[in-house]
Amino acid sequence: MDKLVSSWYKDQSLPESYIFPPHERPGKLLVPRCNTVPVIDLGDTRTNLVHQILKASQEFGVFQVVNHGVPPNIMSETMSVFHKFFELPAEDKASLTVYTNDPKRCKLVTITLDYDREKIHLWRDVLRHPCHPDCIEFWPQKPLRYREVVAACSIEAKKLGLQILELLCEGVGIEHGYFENELTEDLLLGANHYPPCPDPSLTLGIPKHFDPDILTIVLQEHISGLQVLKDGEWIGVKPIPNAFVVNIGYILQVISNNKLKGAEHRVVTNSSDHRISVVFCMNPAGVSNIEPAKSVVTATNPPLCRGFQFKEFMDNFYSMDGDADLALQPFKL
Ligand code: OGA
Ligand code: NI
């Protein structure tokens, strides 16, 4: 059976296996009342930027950036390419849904980790692939401009990510250029497609999680869905035209020795619209050594964990069903 949500959602009510336990369901709070996620104008002075980005990262672990220099046509063309991709007939996407564990390959799946092991399935499909030039030969060939447009957008996303990391380094006191190496070597793309859902109150596009990376740059459209947990309450990240959402990743939290906070977030569905989001995850190479930066560790702020290889963490992350806190546990001091 083809398991992609997009292949069968029109014919059915919400299957049992998509219903979350009561305490995890969004319930009636699909559209939270307030939007207080900080919006940062990257055209501001450097001193102001360092201050604002640091504050946003400590208080929310997430913020939006505007005036970031990424050309608006690159953003809109990227969204348009993914709309066309997800609308392609099943036969054009079939080769991408074949199981492979080759990390260079491109995959179109609905699973997070393992469909058969998953107790509850997610109301979304996701296309994933590395953005490294060596992997472009595996990217989709349809729609026609996919490779050209997505390559341009991923170059911009990486540039933006490094710029934000520089501001964060200055803010927390980590040396200049700390991340300009194998710590941000693997840029991974995830294009999420959340089809209209028969009962958004019972299910989720993605349940509560931390992104297990350094930084995530998210491109979303005018359709809401992304929510962040702040002081025990879910708040919506309001779509703003031409903005990117930036999430502090769990690994950046570790490197900053908890001076920066990763945001726990989730995605709710809706009953009328397809929602597409494109996430660029800045990931370390598997063999990268991850540890609290020496410059943030002091006698009064001792390291929270020992050094480890990124792939050791990711192995734990998978075996702990995507729980980043549990994945870090063996390395804690
Ligand atoms: C993710 C994620 C947010 C969104 O893919 O990890 O959090 O808006 N996506 O789809
Ligand atoms: Ni996420």
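The values are calculated or read from the model by the stated rules, or taken from the named source; none is laboratory data. What you see is a predicted model, and the numbers here were worked out from it, not measured in a lab. Positions of Cβ are backbone-derived with ideal geometry, glycine not excepted, and every protein chain shown enters the neighbour counts. When the accessible area is computed, the model is the full protein with side chains, heavy atoms only, and any ligands, DNA or RNA have been set aside. Shrake-Rupley method; radii C 1.70, N 1.55, O 1.52, S 1.80 Å.
A few comments on the model shown:
- Overall form of the range 109-267 per C-alpha gyration tensor (a/c, 1.5; a/b vs b/c): oblate
- For residue 41, solvent-accessible area (1.4 Å; no DNA, RNA or ligand), Å²: 70
- Signed unit charges on C-beta, dipole axis of the chain, positive-most listed residue 307, 157, 42: 42
- Note on the chain: with charges restricted to the Cβ of Lys and Arg (+1) and Asp and Glu (-1), its dipole about the Cα centre is near 440 debye.
- Looking at the chain alone, DSSP beta bridges between its own residues are antiparallel in about 95 percent of cases.
- Separation in nanometres of the label points that stand 7 Å from Cα toward Cβ, at residue 199 and residue 117: 2.9
- When the square roots of the Cα gyration tensor eigenvalues are ordered a ≥ b ≥ c, the ratio a/c for the chain is under 1.5, which makes its shape rounded.
- Lysines with Cα under 17 Å of residue 259, excluding same-chain neighbours fewer than 8 positions away: 55, 230, 294, 332
- Rel. contact order, % - alpha carbon contacts under 8 angstrom, at least six apart, the range 32-124: 19
- Result for the chain in a Gaussian network model with C-alpha springs under 10 Å: among 161, 43, 249, the largest mean-square fluctuation is at 43.
- If you take all other residues with their beta carbon under 15 Å from the beta carbon of residue 259, and give Lys and Arg +1 and Asp and Glu -1, the sum is -1.
- Mean separation of Cα pairs under 8 Å and 6 or more residues apart, divided by the residue count, gives the chain a relative contact order of 22 percent.
- Normalised contact order of the range 185-333, rounded percent, pairs of Cα under 8 Å and 6 or more residues apart: 31
- Kyte-Doolittle mean at least 1.6 and Cα axial length at least 27 Å: DSSP H helices in the chain: none
- Local electrostatic count at residue 328 - Lys and Arg +1, Asp and Glu -1, tallied over other residues with Cβ under 13 Å: -3
- Placing +1 on the Cβ of every Lys and Arg and -1 on the Cβ of every Asp and Glu, with no other charges, gives the range 121-273 a dipole of roughly 420 debye about its Cα centre.
- Ranked by the mean number of other Cβ atoms within 10 Å of their residues, highest first, the peptides 240-248, 194-202 fall in the order 240-248, 194-202.
- Per-residue extension of 0.36 nm, minus the Cα-Cα distance of residue 147 and residue 271, leaves a gain of 41.5 nm for this segment.
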